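A quick write-up on the structure given underneath.
The values are calculated or read from the model by the stated rules, or taken from the named source; none is laboratory data. These numbers come from a predicted model, not from an experiment. We place every Cβ from the backbone using ideal geometry, glycine too, and count neighbours over all the protein chains shown.
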């Protein structure tokens, strides 16, 4: 028996809209979102926000009644050669940020490697680091959401599954990104959904074309968005759907879209959800 939810909770990467949190919030609210995913504010990465900036950000969100779905941290988006202790220390700072912003969810990655280095050769080092980070997350009562970013250890379904099952922590779960899978030659739904669904707690919404890797609005690429969303509906998914369109030139903090393209991406996603009878709140 399947359970079909009435609606999923809409969120979005605020800095894909504009560096100014005021603009970020205004656009998201206009699109019907009551939550924001925080990667940077005022052009400053979330990990580098000082205490005064963080307090101001929290104040603004509270005044606008805007919740925070997740902190989109850069943790693990570094070369595996970075000492494990250094990345755990950075995670400790991000945890403080997440707690101040009132969310338990923190996006993380599973480390890059040098060109020509086989993924298998860094596996043990990756698992060691992910275990240390999961231990800290357990102690602090937060949840790490591993994103399947291109070219990190966990960029294919098999290696993502390896991470989450080998670490085996309730504080390490998955943020699913269809477009990133496409960019490493994976058919997301066909090749990865069944195996990874038990660990999937968060949806990042973007699509891509297999031939070029170009990121496009949801449903316009090869990311099998419709199949994925339909299966999530049928599985009773009731979590966040966070818009991360990447429809303009990327900058050093991550992808960017701008208000107009972000709105186009939101409407494309809404069209897919309407097709399968799921709303957003």
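Give the stretch 98-113 a look and list any residue that's in contact with a helix residue (DSSP H, G or I) (Cβ under 8 Å, 6 or more places away or on another chain) and outside any loop (DSSP other than H, G, I, E, B), or say none. Even if it seems obvious, please write down each step before you answer.
Initially, the stretch 98-113 is screened for residues in contact with a helix residue (DSSP H, G or I) (Cβ under 8 Å, 6 or more places away or on another chain), giving 99-102, 104-106, 108, 110-111, 113.
Selection gives 99, 100, 101, 105, 106, 108.
Taking the criterion of being in contact with a strand residue (DSSP E or B) (Cβ under 9 Å, 6 or more places away or on another chain), free of Cβ contacts under 8 Å to residues at least 12 places away in the same chain and under 30 Å from residue 258 (Cα atoms), would at least one residue in the stretch 207-218 satisfy it?
First, the residues of the stretch 207-218 that are in contact with a strand residue (DSSP E or B) (Cβ under 9 Å, 6 or more places away or on another chain): 207-209, 214-218.
If we keep only those that are free of Cβ contacts under 8 Å to residues at least 12 places away in the same chain too, we end up with 214.
So of that shortlist, the ones also under 30 Å from residue 258 (Cα atoms) come out as 214.
Taking every residue of the stretch 207-218 in turn, at least one turns out to be in contact with a strand residue (DSSP E or B) (Cβ under 9 Å, 6 or more places away or on another chain), free of Cβ contacts under 8 Å to residues at least 12 places away in the same chain and under 30 Å from residue 258 (Cα atoms).
Looking at the stretch 259-279, I want the residues that are under 13 Å from residue 245 (Cα atoms) and have a partner that is modelled with pLDDT of 95 or more and surrounded by fewer than 19 Cβ atoms within 10 Å (Cβ to Cβ) with Cβ atoms under 6 Å, at least 6 apart or on another chain. Which pairs are those?
268/219
Given the structure, is residue 175 free of Cβ contacts under 8 Å to residues at least 12 places away in the same chain and within 26 Å of residue 162 (Cα to Cα)?
Values: free of Cβ contacts under 8 Å to residues at least 12 places away in the same chain: no; within 26 Å of residue 162 (Cα to Cα): yes.
In short, no.
In the stretch 22-41, which residue that is without any contact (Cβ under 8 Å) to a residue 40 or more places away in the chain and within 20 Å of the chain's Cα centre (by Cα) is nearest to residue 92 (Cα to Cα)?
41
In contact with a helix residue (DSSP H, G or I) (Cβ under 9 Å, 6 or more places away or on another chain) and closer than 13 Å to residue 243 by Cβ: which single residue out of 16, 87 fits that description? Don't jump to the end; show me each part of the working.
Working: 87 fails: closer than 13 Å to residue 243 by Cβ.
Unique residue meeting the criteria: 16.
Tell me, yes or no, whether the stretch 188-195 has at least one residue that is within 14 Å of residue 154 (Cα to Cα), touching a residue at least 24 places away in the same chain (Cβ under 8 Å) and buried (at least 22 other Cβ atoms within 10 Å of the Cβ).
yes
Report every pair of residues separated by at least 6 positions or lying on different chains whose Cβ atoms are under 8 Å apart, first residue within the stretch 71-84 and over 24 Å from residue 35 (Cα atoms), second buried (at least 24 other Cβ atoms within 10 Å of the Cβ) and modelled with pLDDT under 95.
The qualifying pairs do not exist here.
From the residues in the stretch 239-266 that are in a strand (DSSP E or B) and either out of contact with any strand residue (DSSP E or B) (no Cβ under 9 Å at 6 or more places or on another chain) or more than 17 Å from residue 214 (Cβ to Cβ) (or both), which one is modelled with the lowest pLDDT?
Let us first name the residues in the stretch 239-266 that are in a strand (DSSP E or B), namely 240-243, 248-251, 254-256.
Subsequent filtering for residues that are either out of contact with any strand residue (DSSP E or B) (no Cβ under 9 Å at 6 or more places or on another chain) or more than 17 Å from residue 214 (Cβ to Cβ) (or both) retains 240-243, 251.
Details: 240: 98, 241: 98, 242: 98, 243: 96, 251: 42.
Restricting to residues being in a strand (DSSP E or B) and either out of contact with any strand residue (DSSP E or B) (no Cβ under 9 Å at 6 or more places or on another chain) or more than 17 Å from residue 214 (Cβ to Cβ) (or both), the top hit is 251.
Say whether the condition of being in contact (Cβ under 8 Å) with a residue 40 or more places away in the chain and under 28 Å from residue 61 (Cα atoms) is met by at least one residue in the stretch 155-171.
Looking for residues that are in contact (Cβ under 8 Å) with a residue 40 or more places away in the chain and under 28 Å from residue 61 (Cα atoms), one finds none in the stretch 155-171, hence no.
Quick test for you: out of 80, 36, pick the one residue that is touching a strand residue (DSSP E or B) at 6+ places or on another chain (Cβ under 8 Å) and farther than 25 Å from residue 129 by Cα.
Going through 80, 36 in turn, just one is touching a strand residue (DSSP E or B) at 6+ places or on another chain (Cβ under 8 Å) and farther than 25 Å from residue 129 by Cα: 36.
In the stretch 1-97, which strands (runs of 3 or more DSSP E) lie fully inside it and hold 1 or more residues that are surrounded by fewer than 16 Cβ atoms within 10 Å (Cβ to Cβ)?
On the way: elements: 7-12, 35-38, 67-72.
Per the criteria, 7-12.
On the phi < 0 side of the Ramachandran plot, surrounded by 23 or more Cβ atoms within 10 Å (Cβ to Cβ) and more than 19 Å from the chain's Cα centre (by Cα), is that true of residue 129? Quick ask: steps written out before the conclusion?
Numbers: on the phi < 0 side of the Ramachandran plot: yes; surrounded by 23 or more Cβ atoms within 10 Å (Cβ to Cβ): yes; more than 19 Å from the chain's Cα centre (by Cα): yes.
Answer is yes for this residue.
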